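Structure record follows, encoded as structure tokens.
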Amino acid sequence: MKLSPCKLALDKDCADLWVINTHELVPYQGRLHSFLDGEERQKLQRFTNLEAKATFLYSRGLLRFLTSCYTGSEPQKVRISTGNHGKPYIEEAENFFFNLSHSGGLLAYLFAGYPVGLDIEDSRRKIELEPIMKRFFSLTEIESWKKFSAANEKLSFFRGWTRKEAFLKATGEGISGLSHSTVSFEPNQRKALTSRFGKNDENEFWFFYDLQMPEFFVGSAVIKHKELALRQRSLLEI
Ligand SMILES: CC(C)(COP(=O)(O)OP(=O)(O)OC[C@H]1O[C@@H](n2cnc3c(N)ncnc32)[C@H](O)[C@@H]1OP(=O)(O)O)[C@@H](O)C(=O)NCCC(=O)NCCS
């Protein structure tokens with residue numbers, strides 16, 4: 001692994017999924033820092049929490065590296081803008097979409113020619129499932145989740161959680177859209193959007209993927225418009 005300039009191309013029938021453990025990036029801290037722009041370097045200095053600081057350095061540095069390989073710009077010059085609710089996008093790149101997620105020392109990125117959303121969660125997080133379900137999910141979603149046995153309730157919780165989060169990141173609404181959409185908690189549902197603004201007419205446009213993840217992690221991806229194959233990429237290839 002060199003993190004040297006390289007060329008990556010999107011395939012029209014595939015979305016590229018990159019999953020990286022931050023431990024692998026420790027020797028590349030200096031290189032990743034050199035990819036950041038001035039504003040990001042200032043932001044990095046303001047972090048007081050060291051873990052959050054390292055996550056920002058790794059996730060933003062690697063985002064700049066990977067987007068530079070796909071777009072042909074220099075890492076530091078890639079123009080990353082953010083939408084109304086914080087969704088990052090690249091200004092100059094047409095038909096180039098991405099999203100990213102980080103949790104428990106893992107980074108994940110999804111790149112495609114269509115709008116995408118991605119969420120990963122470390123299932124070792126200590127959380128009270130029931131109160132969170134009541135706070136963030138609709139009655140329909142809670143019923144969908146309650147069908148699972150005690151042995152499966154945690155995995156199904158994170159499946160539903162990451163699906164919903166990935167969907168809200170694909171639309172760009174983020175947490176502001178929490179009450180507008182509902183998802184199914186059943187496994188392997190390519191069409192897992194059960195309603196949006198009280199209707200189900202958008203269901204056909206959204207394709208959901210339960211991701212294969214390292215142990216303890218759960219992840220979901222969402223792609224708009226078209227069903228694509230997920231191509232697992234590795235930094236060792238480049
Ligand atoms: C910010 C949010 C989009 C995701 O937060 P998260 O799950 O804690 O974090 P993730 O690691 O999955 O994603 C963070 C990345 O998503 C991207 N992002 C931020 N806002 C986004 C948005 N509106 N849409 C899409 N992507 C967004 C950013 O790249 C961000 O990483 P960065 O800040 O390092 O650049 C937002 O939805 C949120 O605050 N969620 C809280 C979780 C929650 O309450 N979920 C309820 C159950 S579904």
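Miscellaneous remarks
- When you count the other C-beta atoms within 10 angstrom of each residue and take the mean per peptide, 37-48, 189-200, 220-231 line up highest first as 220-231, 189-200, 37-48.
- Percent RCO, i.e. relative contact order, over segment 14-119, from Cα pairs under 8 Å lying at least 6 residues apart: 32 percent
- Across segment 123-224, the mean sequence separation of Cα contacts (distance under 8 Å, 6 or more residues apart), normalised by length, yields a relative contact order of 26 percent.
- Per-selection metrics, segment 123-224 (Cα): Rg and Dmax in Å: 12.8, 36
- Accessible area in square angstrom per residue, the chain, 1.4 angstrom probe: 52 Å²
- The chain: radius of gyration over Cα atoms, expressed as a fraction of 2.2 N^0.38 Å: 1.02
- Computed accessible area, MET213, all protein chains, 1.4 angstrom probe, square angstrom: 40 Å²
- Kyte-Doolittle mean at least 0.0, axial Cα span of 18 Å or more - DSSP H helices of the chain: 50-71
- GNM on the chain, alpha-carbon springs under 10 angstrom: the most fluctuating residue among GLU153, GLU165, GLU215 is GLU215.
- Diffusion coefficient, µm² s⁻¹, Stokes-Einstein with Kirkwood Rh over alpha-carbon pairs of segment 149-199 at 25 °C and 0.890 mPa s: 216 µm²/s
- For segment 1-137: rounded, prolate or oblate by the Cα gyration tensor [a/c cutoff 1.5]: oblate
- Full-extension gain in nm, LYS226 to SER176, via 0.36 nm per residue minus C-alpha separation: 15.5 nm
- Across the chain, C-alpha contacts under 8 Å between residues 6 or more apart give a mean separation that, scaled by the residue count, equals a relative contact order of 23 percent.
- C-alpha center-to-center spacing [segment 197-238, segment 93-165] in angstrom: 11 Å
- Stretch gain in nm, segment ASP122-LEU236, where the contour uses 0.36 nm per residue and the Cα spacing is subtracted: 38.7 nm
- Here the spin labels are modelled as points 7 Å beyond Cα on the Cα-Cβ line, and at GLU143 and LYS199 they lie 2.2 nm apart.
The values are calculated or read from the model by the stated rules, or taken from the named source; none is laboratory data. The shown structure was predicted, so the numbers you read here are calculated from the model rather than taken from an experiment. Reconstructed Cβ throughout: ideal geometry from the backbone, glycine too, with neighbour counts over all protein chains shown. All accessible areas refer to the heavy atoms of the entire protein, side chains included, with ligands and DNA or RNA removed. Shrake-Rupley method; radii C 1.70, N 1.55, O 1.52, S 1.80 Å.
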